[in-house]
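S.K.: Here's a structure for you.
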Amino acid sequence: MAPSLLYNPAKLPPSAALQLAQQAPVVLQGSSSASETVDQWATYENLLLSCLRTGDDEAAAKCMDRLEARFGADNERVMALRGLLSEAQAQNNGELEAVLKQYDAILEGNSTNIPITKRRIALLRCMGRVSDAASALVQLLDFSPTDAEAWSELSDLYFTQGLYSQAIYALEEVLLLSPNAWNIHARLGELQYMAATTSGNGGGSQQKYLAEALKRFARSIELCDDYLRGYYGLKLVTTRLLKEQAKQAKQTDDGEFTLPDSKTIERLDELATAKLSEIVRHSTLKDRGWRGYDEREVAAARELLSQNGIER
């Protein structure tokens, strides 16, 4: 199915974003004032984002002008989009620094401008100033502690610095706000699995992380029974636990965590294997109802099964 300009293109693959950007001449040909609708302005915003992704700055600027003419240059969302356009058009670090100063000037006049605050944080990260971006996110969360997007970004920033415990804490805050988000459960499982496999996290600490990772992956597939990343993570954890059964018997009795018995882990491993095999088989054949999976994730699942000597 062809991508739609009514939905944010940020998560689309490059080929789909290009398809959307190529609609710019037709969309911009129409009048922006005739029969105004909400969908019309969503279309302009998403077309702007698609054009920026594909390097069509000229069409993006035209979309920006229409949005600015309709909602005003002082609209916070419009200001953030104008800043994004300026970032995309910047040719060097000096010009990016100039955009950053513009953001600082705007926030001096209105420190509660959330869209500009987030653009400033994104720019800091893009410029390699990760610690500054993290500090700015912490300040934002002091002001807006229920911003799940900000907590998720902070988690990712901590992860890039190898600060696993802080990354896990931040993502747990996301789950407090969105407890049924299966993708967040799986991402938290991934962080805990990586923390367990990091040198220096041995013994009880490693088992604690593995137990938590197992729980998170199991919860993710409970909430979405076709979620590939959930089954992939579950397979990773169960495979590791089954290889280290002798260590599992040495759990601490502090009540902080528990691992299931070996038979339960084996059943979970069999479930993950069967589901991954099913997803890989149907996705490879492009069977109807199985075409929504990311090709790279399917390839990774196929490789994981191969490493365990499993025929797809």
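S.K.: Checking the table LYS11/LYS101; LYS235/LYS286; LYS215/LYS263; LYS243/LYS263; LYS208/LYS275; LYS11/LYS275 against a 20 Å threshold on Cα-Cα, which pairs fail?
M.R.: Violating the 20 Å Cα-Cα cut-off are LYS11/LYS101; LYS235/LYS286; LYS208/LYS275; LYS11/LYS275.
S.K.: Still on this structure: Taking the simple approach of a point 7 Å from Cα along Cα-to-Cβ for both SER165 and GLU36, what is their distance in nm?
M.R.: Rounded to a tenth, the inter-label distance reads 5.4 nm.
S.K.: Highest first, please rank the peptides 133-141, 116-124 by the mean number of other Cβ atoms sitting within 10 Å of their residues.
M.R.: Top to bottom by mean Cβ count within 10 Å: 116-124, 133-141.
S.K.: Next up: In nm, give the distance between the simple-model label positions of TYR7 and ARG288, each being 7 Å from the Cα along the Cα-to-Cβ direction.
M.R.: The answer from the label model is 2.0 nm.
S.K.: ³J(HN,Hα) across segment 108-118 via Karplus (A = 6.51, B = -1.76, C = 1.60, θ = phi - 60°), whole Hz, x for Gly/Pro?
M.R.: Karplus-based 3J(HN,Hα) across segment 108-118 equals 5, x, 8, 6, 9, 6, 5, x, 5, 4, 5 Hz.
S.K.: Going by average Cβ density within 10 Å per residue, which order do the peptides 209-222, 12-25 take, highest to lowest?
M.R.: The peptides rank, most packed first, as 209-222, 12-25.
S.K.: On the protein heavy atoms, probe 1.4 angstrom, tell me the percent of accessible surface of the chain carried by carbon and sulfur.
M.R.: With neighbouring chains kept in place, the figure for the chain is 50 percent.
S.K.: Kindly sort ARG267, ARG296, ARG281 by accessible area of their heavy atoms, largest first, with the probe set to 1.4 Å. Show your work: numbers first, answer last.
M.R.: Numbers: ARG267 145, ARG296 180, ARG281 105 Å².
Heavy-atom accessible area, descending, gives ARG296, ARG267, ARG281.
S.K.: For the chain, set up a GNM with springs between Cα atoms under 10 Å and report which of GLU68, GLU97, GLU58 has the largest fluctuation.
M.R.: In this elastic network of the chain, the residue with the biggest mean-square fluctuation among GLU68, GLU97, GLU58 is GLU58.
S.K.: Just to verify a number: what accessible area does LYS263 come out at with the full protein assembly present, 1.4 Å probe, Å² rounded to tens?
M.R.: 140
S.K.: What does the accessible area per residue of the chain come to in Å², with a 1.4 Å probe and no ligands, DNA or RNA counted?
M.R.: Ligands and nucleic acids excluded, the figure is 54 Å² per residue.
S.K.: Then there's this: For segment 157-202 and segment 46-85, what is the separation of their C-alpha centers, rounded to whole Å?
M.R.: So the separation of the two Cα centres works out to 34 Å.
S.K.: Can you work out the Karplus-derived ³J(HN,Hα) for every residue in segment 125-130? Use 6.51 cos²θ - 1.76 cosθ + 1.60 with θ = phi - 60°, whole Hz, and x for glycine or proline.
M.R.: Couplings: 5, 4, 7, x, 8, 5 Hz.
S.K.: Just check segment 24-127 against the gyration tensor rule for me: Cα atoms, a ≥ b ≥ c as the square roots of the eigenvalues, rounded for a/c under 1.5, and otherwise prolate or oblate depending on whether a/b exceeds b/c.
M.R.: It is oblate, given that a/c is not under 1.5 and a/b is not larger than b/c.
S.K.: Enter the accessible area of ASP287 (Å², nearest 10), with the probe set to 1.4 Å and all protein chains included.
M.R.: ASP287 has an accessible surface of roughly 50 Å² with all protein chains in place.
S.K.: Let me ask another. Can you show me the helix-derived [θ] at 222 nm for the chain, built from DSSP H runs with n ≥ 4 at -39,500 (n - 2.57) apiece and divided by the number of residues, rounded to the nearest 500.
M.R.: -23000 deg cm²/dmol
S.K.: When only the heavy atoms of the protein chains count and the probe is 1.4 Å, how do CYS51, CYS224, CYS126 rank by accessible area, highest first?
M.R.: My answer, sorted largest first, is CYS126, CYS224, CYS51.
S.K.: Also, I was wondering about something else. Got the relative contact order for the chain handy, in percent, Cα pairs under 8 Å and 6 or more residues apart? Don't jump to the answer; show the numbers that get you there.
M.R.: Values: 320 pairs, mean separation 25.1, N = 312.
Computed over the chain, the figure is 8 percent.
The values are calculated or read from the model by the stated rules, or taken from the named source; none is laboratory data. Given the structure is predicted, the values throughout are model-derived calculations rather than measurements. Don't worry about glycine lacking a Cβ; one is built from the backbone with ideal geometry, like all the others, and counts go over all protein chains shown. Just the protein is used for accessible areas: all its heavy atoms, side chains included, with ligands, DNA and RNA removed. Shrake-Rupley method; radii C 1.70, N 1.55, O 1.52, S 1.80 Å.
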